[in-house]
Amino acid sequence: MSIMSSKGITLTKDLLNRAPKVLLHDHLDGGLRPETIIDLANQTNFELPERDPGRLTKWFHEGATRGSLSEYLKGFRVTIGVMQTEEALYRVAYEMMEDMYKDGVAYVETRFSPLFHTEQGLNYDQIIETVLRGLRDGARAFNVRFGLIICAMRNLPPSGSVKMAECAVRYREQGVVGFDLAGDELGHPPKDHLDAFYYIQRNNFFITIHSGEAFGKESIWQALQFCGTHRIGHGTRLKDDMMESDDKIVEMGNLSRYVLDRRVPLEICLSSNLHTTSMRSLHYHPFPLFFKNGFRVTLNTDNRLMSNTTQTNEFFVAAKEFALTLDDVEKLTLNAMKSAFISFQERLDLIYNVIKPGFAELRAGIESAVSE
Ligand SMILES: [Zn+2]
């Protein structure tokens, strides 16, 4: 399958795979390989809903596509259930880096919550150190760079969020790059967790918050103005703060103007949104509205296992649905790189030594193929 872009370059999956990509919103516990889940479950006698890799994949995907975030989150009981030992955490982190390499991702920020991995007696430091070890070894083996984001959970007590914030800051020199608040938005406003966010802010560290995914623009406003977030996870409901006509904004509220003017990055996850909301098709997704009107939009996988996707596939889906060009793909990648939580110098290094040369090489390859 391929798509003809307006410039006549066909954005095939192969081409998009070869483009150097940046992924900012990916859950470590949402991207396990089905074979690994089965192996790990066998080692620990963990009860699985299916024991065949194909059927297990289908089980995750069907749970994810019931159109409800609560249903979607059920799959995590299984993935988290098998990630309770150092061996399992290391393996999942290491394999994630290999999967990024195969997906053509140059830089990834993956995230998880240590709160969920203590069932067999591991403490938070052991959990984080093990995951970082897996990521570092994977980075060396596959030449993919990474940052780790520590998640707090909005549906758990705020005292746990403070512990997670402290963990994030404690490991900032070892590969942790930021702090996130995840989980079901409904009934769990981010401002319940202010102590954790203030701790991060006082330590001059970085925040991204899942907001405006299942719940309205109020959640985005709180994340920005109460919690001091630097990026918005999803943010699709920002659309409620603007009036549009044919993907042109005709009127904007203060909130969307703030997001646009302050260049607040939006971590858009197309497949995931399609699966967790009542959106009937991507045709109704605000991605093109945000992108065409200059918002700092990025494309992300969210949960590769549950949504049965890759970063290559997210670009392919976007290219197909919204007629993206290769220039658009590069723009979205640069948006993501500019919005990463690693240092300014590292971001520049990736932009000028990996991303721009990578896209130039792709274009040169296409032109020489055309002139032959
Ligand atoms: Zn997410």
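Enumerate the calculated ³J(HN,Hα) couplings along the stretch 301-307 in order (Karplus 6.51 cos²θ - 1.76 cosθ + 1.60, θ = phi - 60°), each rounded to whole Hz, writing x wherever the residue is Gly or Pro.
Computed from phi, the couplings for the stretch 301-307 are 8, 6, 10, 5, 5, 5, 8 Hz.
Could you work out, for the stretch 283-327, what percent of all Cα-Cα pairs fall into each 5 Å distance bin, beginning at 0 Å and stopping at the bin that holds the largest distance?
Whole-percent P(r) values from 0 Å outward: 5, 20, 29, 27, 15, 5, 0.
Just to be sure I understand: if I project the alpha-carbon convex hull of the stretch 197-337 onto a plane and average over all orientations, what area do I get in nm²?
Mean projected area of the Cα convex hull: 8.6 nm².
Can you give the helix-only mean residue ellipticity at 222 nm for the chain, where every DSSP H stretch with n ≥ 4 adds -39500 (n - 2.57) and the sum goes over all residues, rounded to the nearest 500 deg cm²/dmol?
Result for the chain, helices only: -14000 deg cm²/dmol.
In units of 2.2 N^0.38 Å, what is the alpha-carbon radius of gyration of the stretch 172-213? Intermediate values should be presented prior to the final figure.
Details: Rg = 11.4 Å, N = 42, 2.2 N^0.38 = 9.1 Å.
Against the compact-globule rule of thumb, the ratio is 1.25.
Enumerate the amide H contacts of Gly147 below 5 Å, restricted to partners 5 or more residues apart or on another chain; note that Pro and chain-start residues carry no placed amide H.
Here the answer is Val108, Glu109, Thr110, since their amide H atoms fall under 5 Å of that of Gly147.
Just list whichever of Lys163/Lys191; Lys217/Lys248; Lys292/Lys331; Lys239/Lys356; Lys21/Lys74 have alpha carbons separated by over 22 Å in the model shown. List each step's numbers first, then the result.
Numbers: Lys163/Lys191 16 Å; Lys217/Lys248 19 Å; Lys292/Lys331 11 Å; Lys239/Lys356 31 Å; Lys21/Lys74 29 Å.
Violating the 22 Å Cα-Cα cut-off are Lys239/Lys356; Lys21/Lys74.
Summing +1 for each Lys or Arg and -1 for each Asp or Glu, what net charge is found among the other residues whose Cβ lies under 15 Å from the Cβ of Cys167?
It works out to a net charge of -2.
Can you run the Rg to Rh ratio on the stretch 25-183? Use alpha carbon positions and the Kirkwood inverse-distance Rh. Spell out each step's value before the answer.
Numbers: Rg = 15.1 Å, Rh = 16.0 Å.
Computed over Cα atoms, the ratio is 0.95.
Principal axes first, then extents: for the Cα atoms of the stretch 135-263, list largest minus smallest coordinate on each axis, whole Å, largest first.
49, 37, 25
Using bins 10 angstrom wide from zero, how does P(r) for the chain break down, in % of all Cα pairs?
For the chain, the pair-distance distribution reads 5, 25, 35, 26, 8, 1, 0.
Give, rounded to the nearest 20 debye, the magnitude of the charge dipole that the stretch 13-371 has about its Cα centre when Lys and Arg contribute +1 at Cβ and Asp and Glu contribute -1 at Cβ.
About 560 debye.
List every residue whose amide H lies under 5 Å from the amide H of Leu324, counting only residues 5 or more places away in sequence or on a different chain, with H placed 1.01 Å from N in the peptide plane.
Ala319
Could you tell me what % of all Cα pairs in the stretch 198-267 have separations over 21 Å?
For the stretch 198-267, the fraction of Cα-Cα distances above 21 Å is 24 percent.
Using each residue's phi in the stretch 355-369, evaluate 6.51 cos²θ - 1.76 cosθ + 1.60 at θ = phi - 60° and report the 3J(HN,Hα) Karplus result to the nearest Hz, with x for Gly and Pro.
Coupling constants for the stretch 355-369: 6, 4, x, x, 6, 4, 5, 4, 5, 4, x, 5, 5, 5, 5 Hz.
Just the ratio, please: alpha-carbon radius of gyration of the stretch 297-372 over 2.2 N^0.38 Å, N its number of residues.
That works out to 1.25 for the stretch 297-372.
Calculate one ³J(HN,Hα) per residue across the stretch 239-250 by plugging θ = phi - 60° into the Karplus curve 6.51 cos²θ - 1.76 cosθ + 1.60, and present them in order as whole Hz with x for glycine and proline.
Using θ = phi - 60°, the values come out as 4, 5, 9, 8, 10, 10, 9, 6, 6, 10, 7, 9 Hz.
Within the chain, what's the longest run with no trypsin sites (Lys or Arg not before Pro) in a DSSP loop and at most 14 other beta-carbon atoms within 10 Å? Give the range, please.
67-261
Just so you know, all these numbers are worked out from the coordinates, no wet-lab data involved. All figures in this text were calculated on a predicted structure; none of them were measured in a lab. Note that each Cβ is placed from the backbone with ideal geometry, even for glycine, and that neighbours are counted across all protein chains shown.
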